[in-house]
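Visitor: One structure follows; several queries about it will come next.
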Amino acid sequence: MSPIRYATIVALASAVLATTLTGCTSGADQEAGAPIVVAADLELSGASAQTGKAYQRALELKVEQLNSSGAMGGRRIELRVRDNRSDASESLRNIGDFTNDSTVSAIVMGSCNECAVGAVRTINEKKIPTIALAAAGAVANPVADRRYVFKLAPNAADNAALLTTELRRKGVRRVAVLHSDDDYGREGLSALRGEFTKAGIRLTRNESVRTTDTEVSQQVRRLTTDDPQAVVVWTPPEQAALAATSVREARFTGALFLDAAAAGDLFLGGTARATERATLIFTQTMVIDDVIATNPAKAARRQWFQAYTARYGGYNGYSSFAADAVQLIVDAVARAGGDAVDRDALRDVLETSQLDGLSGPIRMTPDNHSGLMPQALTTLVARGGRWRLAG
């Protein structure tokens with residue numbers, strides 16, 4: 001991509017994305033002050049490094065766009081990133097350091113469910129607003145015990161409902177499920193059981209895999225021996241790729257469905273043959289180049305997609321959640337007002353935040369700290385080595 005085209009994309013993205021600031025004073029009206037420091041605890045190495053690096057790239061690009069746009073007047077956003085090595089103990093050390101730094105306004109945590117849940121006590125005691133990108137419901141619930149913790153990721157109940165609707169639409173009545181052996185995987189299995197019962201779908205068998213497993217073929221073989229019409233994979237991207245390949249090697253002729261947690265890169269690379277015609281539940285931003293930009297929110301999503309792709313040579317679906325986390329924090333700082341970091345004021349504003357984000361509509365309330373709305377999810381299908389909008 002030429003430098004001119006890249007610069008144009010970034011400029012357009014910055015201009016449109018800046019308009020998503022809600023309830024802010026204009027750059028001309030807001031006085032220069034101390035930097036807005038956003039700390040990030042991410043899985044940059046270990047089992048979840050692929051997703052963690054996508055988050056880091058998204059955070060860096062979003063911060064650059066906001067600073068270039070002048071959305072916060074003379075104030076700049078500063079990003080501080082640490083690697084938690086996909087380990088909850090290391091993550092807790094990072095969170096402890098961030099919370100003890102009085103210049104840090106808020107924290108963004110990555111995809112590690114165990115890390116986010118394990119840090120709740122420290123986050124609440126230190127009273128620092130934190131947005132986790134992990135999917136498990138226990139990250140943000142019960143809200144009374146997680147007053148300073150918010151979640152931006154697809155919810156298991158919403159994923160299960162839409163996935164079951166698609167199974168029923170395709171006439172599938174017998175389903176096997178491969179799920180991760182963690183809070184989110186077990187939550188997903190429970191949600192699927194409930195939806196299957198309502199839809200008259202029989203769960204023929206379920207198997208679990210650890211998020212660190214590099215071999216899932218035995219579980220897949222057991223799932224396919226019961227003659228299901230479809231296999232549902234409810235795991236992180238790394239295990240989902242392994243499962244798709246194992247399903248193909250098992251010569252399974254039924255359908256393959258993937259939960260939102262399995263989303264990763266737009267282009268499927270080495271798993272393209274194994275995932276061809278597979279169905280994925282995810283947000284529209286993954287395939288926004290297939291969508292006509294009929295409103296400012298869709299235009300912003302498309303420009304984000306273009307800017308990320310131009311910068312990094314490809315697109316990762318989960319990047320939009322990290323970008324939205326920064327946007328929510330910056331919006332809240334602007335609405336809270338003042339130069340000094342007031343974490344309590346920031347928390348109070350976050351709890352009532354509304355944003356037509358890059359991931360979709362986001363609504364936080366005092367009773368619901370998991371803000372991604374069900375309407376953000378859609379059905380995608382793998383065709384020709386990449387994800388496309390179904391239909």
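The values are calculated or read from the model by the stated rules, or taken from the named source; none is laboratory data. Given the structure is predicted, the values throughout are model-derived calculations rather than measurements. Ideal geometry is used to build each Cβ from the backbone, glycine not excepted, and the neighbour counts take in all protein chains shown. Just the protein is used for accessible areas: all its heavy atoms, side chains included, with ligands, DNA and RNA removed. Shrake-Rupley method; radii C 1.70, N 1.55, O 1.52, S 1.80 Å.
Visitor: Once every Cα of segment 168-219 carries one equal point scatterer and solvent is ignored, give the base-10 log of I(q)/I(0) from the Debye formula at q = 0.27 Å⁻¹, two decimals.
Guide: With one equal scatterer per Cα and no solvent, log10 I(q)/I(0) is -1.03.
Visitor: Between V291 and L389, what is 0.36 nm times their sequence separation minus the Cα-Cα distance? Round to one decimal in nm.
Guide: Extra length available between V291 and L389 comes to 34.5 nm.
Visitor: A follow-up question, please. At 1.4 Å probe size, with every protein chain present, just tell me what the per residue accessible area of segment 132-276 comes to in Å².
Guide: Dividing the accessible area of segment 132-276 by its residue count gives 41 Å².
Visitor: Restricting things to Cα coordinates, could you compute the convex hull volume per residue of segment 104-161 in Å³?
Guide: Residue-normalised Cα hull volume stands at 68 Å³.
Visitor: Taking K170 as the anchor, which lysines have their alpha carbon closer than 28 Å to its alpha carbon, excluding any fewer than eight residues away along the same chain?
Guide: Output for K170: K198.
Visitor: Quick one: order R248, R75, R169 from most to least accessible surface, probe 1.4 Å.
Guide: From most exposed to least exposed: R169, R248, R75.
Visitor: Here's something else I'd like to know. Could you work out the relative contact order of the chain, using alpha carbon pairs under 8 angstrom and six or more residues apart, expressed as a whole percent?
Guide: Over the chain, the number comes to 18 percent.
Visitor: Report, largest value first, the span of the C-alpha coordinates of segment 303-391 along each principal axis, in whole Å.
Guide: Per principal axis, max minus min of the Cα coordinates gives 51, 31, 15 Å.
Visitor: Same structure again: Going out from 0 in 5 Å bins, what whole percent of all Cα-Cα distances in segment 206-279 drops into each bin?
Guide: Pairs per bin, as whole percents: 3, 17, 33, 28, 16, 3, 0.
Visitor: Could you work out the relative contact order of segment 175-297? I mean the mean sequence separation of Cα pairs under 8 Å and 6+ apart, divided by the number of residues, in percent.
Guide: 23 percent
Visitor: Remind me, what semi-axes does segment 238-290 give for its equivalent ellipsoid, largest first in whole Å, using sqrt of 5 times each Cα gyration tensor eigenvalue?
Guide: On the way: eigenvalues 79, 24, 22 Å².
Sorted largest first and rounded, they come to 20, 11, 10 Å.
Visitor: Quickly work out the D367-to-R76 label distance, labels modelled 7 Å from Cα along the C-beta direction, and quote it in nm with one decimal.
Guide: Output for this residue pair reads 4.4 nm.
Visitor: Additional query: Using only the Cα atoms, work out Rg/Rh for segment 81-236, with Rh taken as the Kirkwood radius, to two decimals.
Guide: With Rg and the Kirkwood Rh in hand, the quotient comes to 1.07.
Visitor: Whenever you get a sec, compute what percent of the accessible area on segment 83-172 sits on carbon and sulfur atoms (1.4 Å probe). Before the final figure, lay out the partial values.
Guide: Values: 1490 of 3300 Å².
In segment 83-172, the share of accessible area belonging to carbon and sulfur is 45 percent.
Visitor: Still on this structure, please answer the following. Considering every pair of different Cα atoms, what Kirkwood radius, in Å, is found for the chain? Could you put the intermediate results ahead of the total?
Guide: Numbers: mean 1/r = 0.0473 Å⁻¹.
Value: 21.1 Å, from the Cα pair sum.
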